[in-house]
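Engineer: The structure that follows is given in the form of structure tokens.
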Amino acid sequence: MVAYIRVASISMYGPASGGDVVRKNVTKALELVRLALHDEPDLILLTEAFPTRSLPSREGIKYAQELDGPIIKEFARVAEEHGVHIVCPLYTREGGRVFNSAVIIDDCGEVIGVYHKMFPTVGEIDAGITPGTKPGIFNTKLGRLGIAICFDINFDEIFAEFRKMEVKLVLFPSAFPGGKLLEARALLGKHYVVSALWEGEARIVDPLARVLARSSSYNPIIVANLNLDFKVLHLDYNYLKFPDLKRKYGRRVRIDVERPEAFALLASECEVSVDEIMREFELEERDEYFNRSRRKAEEARYA
């Protein structure tokens, strides 16, 4: 079935200067959120620790917020007023500890999840930031979301859990762009990946590692419609069934092929879910095919 969500990423180019940096950053972020609302997104992603951007970590943690703090409340009011989900990354304080976090606010203005960065940099830890204990996976009205913050993108254990839990959309608020790591994580994990940055090119990347949107200082807000009712297949054996699938469903099913990787993205554009289509045509998901190949090799190896 069609499961489109409209996602907006906001990058904050140009650090605040002078005094009252936190208020300047929050004001700028609110202005950008209000501008993004004209695109009618379902979800808005802000960038890593945006209120304290341009402050050293040791200084920034002094502004860590409780979950009922004033900054979160400001964005919660906007979320409720406009019926939009907002992912609000900032330093939070819980139980006497400070975390580099991403707070998920739903379209009713309620905090429905908090992710603490599992792998802060060495410098962040030395500055007093506590690492989180588990990957950020959240079941929301929009679907199952994953969150990784900045340096997290280098650590396979987070993305292995995203893959295991079939996370379709990974949000990546970050101080650094991530480069080709975004495409690699999207392709290997079968996710959409959406980044929001301090500087550099934020991107929206699909599960075949194709870049759907790119930001710059001229367009700090990027938006894309993402269909989360999809599966990633290997072409082996499956491609033979594509003509019959198209004869039945036509434009109601999308098949995108990526070569030379030999992968395909199958997405439902109709009332029939992609899982039902997979069963109907006896299609095999990519990881299922790899697992079958692994078992076959093991059996032959020790025969």
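Engineer: For the stretch 70-168, state which chymotrypsin sites (Phe, Trp or Tyr not before Pro) are in a DSSP loop and have at most 15 other beta carbons lying within 10 Å of their beta carbon. It would help to have the intermediate numbers written out before the result.
Structural biologist: Working: sites: PHE75, TYR91, PHE99, TYR115, PHE138, PHE151, PHE155, PHE159, PHE162; in loops: PHE155.
Passing sites in the stretch 70-168 are PHE155.
Engineer: Let me ask another. Within 10 Å of each residue's Cβ, count the other Cβ atoms and sort SER101, SER9 from fewest upward.
Structural biologist: Working: SER101 26, SER9 29.
Starting with the residue having the fewest Cβ neighbours, the order is SER101, SER9.
Engineer: Using a Cα-Cα cut-off of under 17 Å, which lysines could be cross-linked to LYS24, ignoring same-chain neighbours fewer than 8 residues away?
Structural biologist: Cross-link targets: LYS62, LYS73.
Engineer: Taking the Cβ of VAL7 as the center, what net charge do the other residues with Cβ under 11 Å away carry, scoring Lys and Arg +1 and Asp and Glu -1?
Structural biologist: Working: positive: ARG6; negative: ASP39, ASP42.
Taking every Cβ under 11 Å from that of VAL7, the sum is -1.
Engineer: Under 19 Å from the 7 Å Cα→Cβ point of ALA262, by amide nitrogen: which residues of the stretch 180-205?
Structural biologist: So the set is 187-190.
Engineer: Need the full-extension length gain, ALA160 to GLU110, defined as separation in residues times 0.36 nm minus the C-alpha distance. One decimal, nm. Intermediate results must be reported in sequence, preceding the final value.
Structural biologist: Numbers: separation 50, 0.36 × 50 = 18.00 nm, distance 2.89 nm.
Result: 15.1 nm gained on full extension.
Engineer: Separate question: Using Cα centres only, tell me the gap between the stretch 252-303 and the stretch 17-73 in whole Å.
Structural biologist: Answer, in whole Å: 41.
Engineer: Hey, what's the Kirkwood Rh for the stretch 152-271 if you take every pair of different alpha carbons, in angstrom?
Structural biologist: Value: 15.4 Å, from the Cα pair sum.
Engineer: If you rank THR92, THR121 by fewest surrounding Cβ atoms within 10 Å, what's the result? List each step's numbers first, then the result.
Structural biologist: Details: THR92 22, THR121 15.
Final ranking by Cβ density, sparse to dense: THR121, THR92.
Engineer: Over the Cα atoms of the stretch 1-42, what radius of gyration and what Dmax do you get, in Å?
Structural biologist: Calculated on Cα positions, Rg and Dmax stand at 14.0, 51 Å.
Engineer: Oh, and also: Report the gain in length on full extension from LEU188 to LEU240: 0.36 nm times residue separation, minus Cα-Cα distance, nm rounded to one decimal.
Structural biologist: Extra length available between LEU188 and LEU240 comes to 16.4 nm.
Engineer: How about the stretch 130-235: which trypsin sites (Lys or Arg not before Pro) there lie in a loop by DSSP and see at most 13 other Cβ atoms within 10 Å? Let's see the in-between values first.
Structural biologist: Working: sites: LYS141, ARG144, ARG163, LYS164, LYS168, LYS180, ARG185, LYS190, ARG203, ARG210, ARG214, LYS231; in loops: LYS141, LYS168, LYS190, ARG210.
Here the trypsin sites (Lys or Arg not before Pro) that fit, given the DSSP loop and packing criteria, are LYS141.
Engineer: OK, next. How large is the translational diffusion coefficient of the chain in µm² per second when you combine the Kirkwood radius over alpha carbon pairs with Stokes-Einstein at 37 °C and 0.692 mPa s?
Structural biologist: 162 µm²/s
Engineer: Can I ask one more? Fewest Cβ neighbours within 10 Å first, please rank VAL84, VAL272, VAL167, VAL211 accordingly. Don't jump to the answer; show the numbers that get you there.
Structural biologist: Working: VAL84 22, VAL272 17, VAL167 25, VAL211 14.
So the residues, fewest neighbours to most, are VAL211, VAL272, VAL84, VAL167.
Engineer: Using the basic label-point model (7 angstrom from Cα toward the beta carbon), what is the ARG77 to THR121 distance in nanometres?
Structural biologist: Simple spin-label model gives 3.4 nm for this pair.
We did not get these values from a lab; they are worked out from the coordinates using the rules stated. Remember, predicted model here, so these are calculated numbers, not experimental data. As a convention, Cβ positions derive from the backbone with ideal geometry for all residues, glycine included, and neighbour counts pool all protein chains shown.
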